[in-house]
Every structure is written in C-alpha cells, then in structure tokens.
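A.B. asks: Just passing along the structure, written as structure tokens.
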Amino acid sequence: MTADALTAAGYTFSTETRESRHDRRLSTELPPYMEYEASPPPEYTLKDEPVTLAMYLFKFGFLFPPFWILGIFILFSPLRAPDAAGEWLPDKTDAEKQVVVDRIRTTEMKWARRCLVASLVVTLFGIVAGVSIWAAVRGYL
C-alpha cells in the first residue's frame, strides 16, 4: 500500500511525537510525607544465616535431584561440636559454642526439610506423569 492509500483510509502520519498527559506535571513540589511518629518506616534487617551443607544440597538439587535425598539424611543425623575443643572457636565459652551449634542445627534442619519437600513434590509429579502416560498408552483416557 502506498502512503496515499493509507491516508485515504484514515491513517495520518507525523514525524512529531505526541505529548502524553502523564508527561505533564501539575506541580513541582514533592508530596508531603507522613510523620515518623504516626507510623515509622519498616526496618529491614539482614538475616545472617550460616552457610550449611543442607543449603547447598537443596540449591544444587535442582540440577541433580539425588542431592535432595542426601539432604534428607541430615534430618536424621545429629550435629555436634568438633571434638577438638580448643581449636574450634577458641575465643568462645562452652555456652557460646552451644548457641552457635544450635543456630547451625536450626538452619540445617530448615534446609533439610526443604530438601524433603522438594523431593516429595518431584516424586509426586513423577507419579502423576507416569500414571497419566500409562493411562494414555492403555487407552483409558
């Protein structure tokens, strides 16, 4: 089609850009902000979570799902402080070391449970897919 045919059909061509109503500002002032006493802004804190084996097993399980099975075994294994008491965290007391071990164990258990859930979900999807394919091949669907 030529430009004349398009113009005859009602199309108009222009090299100018149109100004959007959203481009115009009604005022140059910033909006008034609420007082902090009425409702303080949220505080964002960094969750300092220890890096654990179960965390790596969960994340790499998306590439190699048997890692999730290894992560599940962490649910059943006890976590103890190293036997060499003087070498591991020498600047902390026994109570502080126990707090560290408890914190690591809590994180390990969280990621191990995630490994369990991920493996159950993949297994469930596999069973559903297998039954669906079996039913389709047998002619039940």
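The values are calculated or read from the model by the stated rules, or taken from the named source; none is laboratory data. Note that this is a predicted model, so its numbers are computed, not measured. All Cβ positions, even for glycine, are placed from backbone atoms using ideal geometry, and neighbour counts span all protein chains on display.
A.B. asks: Considering the range 49-67 alone, what residues qualify as being among the hydrophobic types (A, V, I, L, M, F, W, C) and either in contact (Cβ under 8 Å) with a residue 12 or more places away in the chain or farther than 11 Å from Glu108 by Cβ (or both)?
C.D. replies: Keep residues of the range 49-67 that are among the hydrophobic types (A, V, I, L, M, F, W, C), which gives 51, 53-55, 57-58, 60, 62-64, 67.
Once the filter is applied, which keeps residues that are among the hydrophobic types (A, V, I, L, M, F, W, C) and either in contact (Cβ under 8 Å) with a residue 12 or more places away in the chain or farther than 11 Å from Glu108 by Cβ (or both), the range 49-67 yields Leu53, Ala54, Met55, Leu57, Phe58, Phe60, Phe62, Leu63, Phe64, Phe67.
A.B. asks: Which residues, counting only those in the range 100-141, are surrounded by 11 or more Cβ atoms within 10 Å (Cβ to Cβ), over 24 Å from Gly71 (Cβ atoms) and hydrophobic (A, V, I, L, M, F, W, C)?
C.D. replies: The answer is Val131, Ile133, Trp134, Ala135.
A.B. asks: Could I ask something else about it? Are any residues in the range 70-124 in a helix (DSSP H, G or I), of a type in the set (S, T, N, Q) and at pLDDT below 90, and if so, which ones?
C.D. replies: Within the range 70-124, the subset in a helix (DSSP H, G or I) is 70-76, 94-124.
Subsequent filtering for residues that are of a type in the set (S, T, N, Q) retains 98, 106-107, 119, 123.
Selection gives Gln98 alone.
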